[in-house]
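K.L.:
Could you have a look at this structure, given as structure tokens, before my questions?
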Amino acid sequence: MGSPGTTVVGGGISGIACARALADAGLAVRVLDRGRRPGGRMASSTLHGRQVDLGASYLTVPDGSPFAPVVADWVRRGLAREWTDTFAVAGPDGVTGSTTGPVRYGTPDGLRSLVVDLATGLDVVQERTVEAVRVGDDGRPTVDGEAVGAIVLALPDPQAQRLLDPREAGVPALDPAGWRPALAVALGFARRAWPADLHGAFVHDSPVLDWLADDGDRRGDGAPVLVAHTTAAFAGEHQADPAQAAPAVVAAVRRLLATDAGPEWTHVHRWSHARPGRPREQEFALIGRVGVCGDGWAAPPRVESAWRSGSALGRELARALTP
Ligand SMILES: Cc1cc2nc3c(=O)[nH]c(=O)nc-3n(C[C@H](O)[C@H](O)[C@H](O)COP(=O)(O)OP(=O)(O)OC[C@H]3O[C@@H](n4cnc5c(N)ncnc54)[C@H](O)[C@@H]3O)c2cc1C
């Protein structure tokens with residue numbers, strides 16, 4: 001950046017959408033993200049030779065959302081695909097019914113590929129962990145001691161809170177309480193040992209499972225891979241040793257699917273801040289040159305709302321910064 005432009009902390013979909021809106025308005029912007037690639041909680045990892053979605057499971061697009069043309073463009077270019085509108089409903093002992101809702105979109109290359117696509121052409125610095133954001137009495141922010149024109153925190157509130165000095169004025173109020181953890185457990189089987197029309201299952205009344213997705217089905221390659229998401233309570237019990245949670249998750253999945261087949265491999269990913277407890281209706285907050293956005297805003301907390309929050313903040317900040 002030549003003259004100090006805006007620095008966005010966080011390269012999830014909200015931060016990238018915010019940077020996109022600022023860049024589209026002709027303003028200088030860079031994104032600093034601690035991960036190796038953009039995506040945040042839209043995380044896909046290569047496991048046993050293929051991408052597996054370990055964060056968000058799918059996208060939805062509410063009627064009238066400004067996100068609709070973005071998703072339509074991804075579908076047109078083959079980056080996203082309509083997955084299903086119907087999932088199983090299950091209890092701990094098996095499937096009890098099904099439920100139909102909005103179309104869910106999956107991706108051939110993993111949900112992270114959509115954030116990477118949105119970031120094309122932007123100045124994104126990966127593997128950069130920001131330690132401190134300060135706001136001077138004149139309202140001018142600094143990031144790790146470097147003066148910037150404006151700052152956006154596009155992070156879960158507990159992560160944003162760590163960067164700020166709460167005694168400083170001029171910083172939007174955060175709400176770090178109530179963010180819930182989750183474990184995502186990928187299970188790779190020798191062959192598919194569940195009904196072809198399972199797609200995914202909302203699991204009720206289980207102390208372990210919250211959701212089960214057929215990753216091969218949603219990605220479209222038919223690979224015999226499931227991804228289970230655990231309840232927040234179960235994840236909380238395994239915060240220190242997530243890998244030790246795999247046997248209990250495998251047992252719960254086998255019981256749900258009534259199958260003797262066990263996975264050949266498992267992989268556990270811990271999300272310390274998977275979902276906000278109290279997402280706000282307001283799309284973002286902006287005080288002077290300091291903005292905050294993400295899925296803690298623009299409730300309900302989803303990919304679509306995170307994108308909407310970041311985009312709306314980017315447009316508002318662009319208006320504020322344009323003479
Ligand atoms: C298990 C799980 C399942 C989900 N399922 C769905 C679903 O099916 N459908 C749906 O719509 N949504 C789902 N969600 C929610 C969805 O993933 C989020 O709403 C969305 O991805 C949030 O994006 P974000 O940009 O607000 O935050 P994030 O994606 O969390 O981005 C924050 C970024 O900030 C970076 N960061 C953190 N601290 C620092 C620092 N100090 N310095 C620099 N960078 C930092 C992180 O690396 C990350 O890239 C799910 C989430 C989880 C965890």
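Every read-out reported here was derived from the displayed coordinates using simple, explicitly stated rules and does not represent laboratory data. Small disclaimer: the values here were computed from a predicted structure and weren't measured. Cβ: placed from backbone, ideal geometry, glycine included. Neighbour counts: every protein chain shown.
K.L.:
With +1 assigned to the C-beta of every Lys and Arg and -1 to the C-beta of every Asp and Glu, and no other charges, what is the dipole magnitude of the range 64-170 about the Cα centre in debye, to the nearest 20?
P.N.:
Working: 10 positive and 16 negative charges, 71 e Å.
Roughly 340 debye, rounded to the nearest 20.
K.L.:
Placing unit charges on C-beta atoms (Lys and Arg positive, Asp and Glu negative, everything else neutral), compute the dipole magnitude of the range 174-279 about its Cα centre in debye, rounded to 20.
P.N.:
Working: 10 positive and 12 negative charges, 26 e Å.
Dipole magnitude for the range 174-279 comes out near 120 debye.
K.L.:
For the range 198-318, what does the alpha-carbon gyration tensor say about shape, rounded, prolate or oblate, given a ≥ b ≥ c as the root eigenvalues, a/c under 1.5 as rounded, and a/b over b/c as prolate? Provide the component values of the computation, followed by the final result.
P.N.:
Values: a/c = 2.84, a/b = 2.08, b/c = 1.36.
Taking the square roots of the gyration eigenvalues as a ≥ b ≥ c, the range 198-318 is prolate.
K.L.:
Tabulate in residue order the Karplus-calculated ³J(HN,Hα) for the range 285-290, using 6.51 cos²θ - 1.76 cosθ + 1.60 with θ = phi - 60°, rounded to whole Hz; enter x for Gly and Pro.
P.N.:
Rounded to whole hertz, the list is 10, 9, 10, x, 10, 10.
K.L.:
Once you treat every alpha carbon in the range 86-226 as an equal point and sum by Debye, what is log10 I(q)/I(0) at q = 0.11, 0.21 Å⁻¹?
P.N.:
At q = 0.11, 0.21 Å⁻¹ the computed log10 ratios are -0.68, -1.28.
K.L.:
Along each principal axis of its Cα atoms, how long is the range 173-222 end to end? Whole angstroms, biggest number first, please.
P.N.:
Its Cα atoms span 48, 25, 18 Å along the three principal axes.
K.L.:
Please give the calculated 222 nm ellipticity per residue for the chain, where each DSSP H segment of at least 4 residues contributes -39500 (n - 2.57) and the sum is spread over every residue; nearest 500 deg cm²/dmol? Show your work: numbers first, answer last.
P.N.:
Values: 8 runs with 77 residues, N = 323.
Rounded to the nearest 500, the figure is -7000 deg cm²/dmol.
K.L.:
For the range 183-192, in order, what is each residue's ³J(HN,Hα) by Karplus, 6.51 cos²θ - 1.76 cosθ + 1.60 with θ = phi - 60°, in whole Hz (x at glycine and Pro)?
P.N.:
10, 10, 10, 8, 10, x, 9, 6, 8, 6
K.L.:
Further, regarding this structure: For the range 267-323, how big is the tail of P(r) above 14 Å, as a whole percent of Cα pairs? Don't jump to the answer; show the numbers that get you there.
P.N.:
Numbers: 899 of 1596 pairs.
More than 14 Å apart: 56 percent of the Cα pairs in the range 267-323.
K.L.:
Please list, ordered by chain and number, the residues whose modelled amide H lies under 5 Å from the amide H of GLY91; skip anything fewer than 5 residues away on the same chain.
P.N.:
THR96, HIS204
K.L.:
Okay, next question. Sorted from largest to smallest, which semi-axis lengths in Å does the alpha carbon gyration tensor of the range 1-67 give for its equivalent ellipsoid, taking the root of 5 times each eigenvalue?
P.N.:
In descending order the semi-axes read 26, 18, 8 Å.
K.L.:
If you split all Cα-Cα distances of the chain into 10 Å bins from zero, what percentages do you get per bin, shortest first?
P.N.:
P(r) over the chain, rounded to whole percents: 6, 26, 33, 22, 10, 3, 0.
K.L.:
Turning to a different aspect of this structure: What is the chain's relative contact order, in percent, from Cα pairs under 8 angstrom and six or more apart in sequence?
P.N.:
Details: 771 pairs, mean separation 74.4, N = 323.
Relative contact order for the chain comes out at 23 percent.
K.L.:
Now for a different question. Helix by helix, which DSSP H runs in the chain go 18 Å or more along their axis at the Cα atoms and have an average Kyte-Doolittle hydropathy of -1.0 or more?
P.N.:
Details: long enough: 303-321 (27 Å, -0.09).
Helices meeting the criterion: 303-321.
K.L.:
How large is the Kirkwood hydrodynamic radius of the range 50-156, in angstrom, based on all distinct alpha carbon pairs?
P.N.:
Details: mean 1/r = 0.0568 Å⁻¹.
Evaluated over the range 50-156, this radius sits at 17.6 Å.
K.L.:
Can you tell me the dipole magnitude for the range 235-323 around its Cα centre, using point charges on the Cβ only (Lys, Arg +1; Asp, Glu -1), in Debye to the nearest 20? Could the numbers behind the result be given before it?
P.N.:
On the way: 11 positive and 9 negative charges, 73 e Å.
The dipole magnitude comes to about 360 debye.
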